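Following: one structure in structure tokens, then a few remarks.
Throughout, read-outs are computed from the coordinates displayed, never taken from laboratory work. Note that the coordinates shown come from a computational prediction; the quantities given were computed from them, not determined experimentally. Here the Cβ is made from the backbone with ideal geometry for all residues, glycine too, and neighbour counts use every protein chain on show.
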Amino acid sequence: MAALNEEYFNQPEALFEARGDSRPRRKIIDEVARTYEWTEWTAGEGGIVSPRRYEIAAGITLVRFGGFGDGADKDRTREQIENPFLRNPKERASGPMYFGAMVALGAWWLEWSAYKAIEHYADRIGESVAYAVREVCAVPPEWSDLSFVIQGTTRSPLLAHAGIGRVVNARSGKIDPAAHGKPLIDQLFIPGLSYPDLNKKAIIVHSHGPLDPEMSTKGARKIAESAAAMQMRLKAGVTRR
């Protein structure tokens, strides 16, 4: 059975994006005549190393982390006009259902086994899962606040570019997914999911929910656990009285 997104996977742009290359930009040639040309795809930040073709069967569990910014209102573009998930800026959409749908339109996903490896890594280093996602998948705060997570199951076979994340040098610091002690997991870049009609046929989202953005920072788990322990002690003290 052919993959549902094969047409989008075969487009050269999909491979460029999976590698983290920078999109072409308009270069002004003549401001008076208003003529310009497009630059070429160039090496950028993020993406995965040596992307390889990966076949995802139907019935596979996938996990994706995103942010509430994925559903933010923006100037209306052609893509937004054609996208039924996006509302008119005057009709500000909100709520977990809306943001879950927006996050699901993203291309970057993890298989369940990769997610569990990140979960185990978080427990081992005593940090939150969201922080572990930042470290293992190289997602600096500048790119996402990791304030939303969704879990879904593939409805149809899909094609993805798979690979280990590239080193990212962001304003907030360097993140190396292959640093000593980190699990080497495949990230999946699945082209075509930004198209709602294809997305509905590709993945069914069966759980989603918000996350505290602060929990994606280093040390947040210990602070939260200390606060919870203090609340328990206070509650126990009140009960004894």
For this session: List every residue whose amide H lies under 5 Å from the amide H of residue 62, counting only residues 5 or more places away in sequence or on a different chain, with H placed 1.01 Å from N in the peptide plane.
Result: 152, 153, 154
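Can you give me the Kirkwood hydrodynamic radius for segment 165-204, using every pair of distinct Cα atoms, in Å to one decimal?
Working: mean 1/r = 0.0773 Å⁻¹.
Computed over segment 165-204, the radius equals 12.9 Å.
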Problem set entry | Count, lysine Cα pairs under 22 Å in segment 100-222, 8 or more residues apart or across chains | 7
Problem set entry | Neighbour-count ranking [beta-carbon atoms within 10 angstrom, fewest first] of 155, 134 | 155, 134
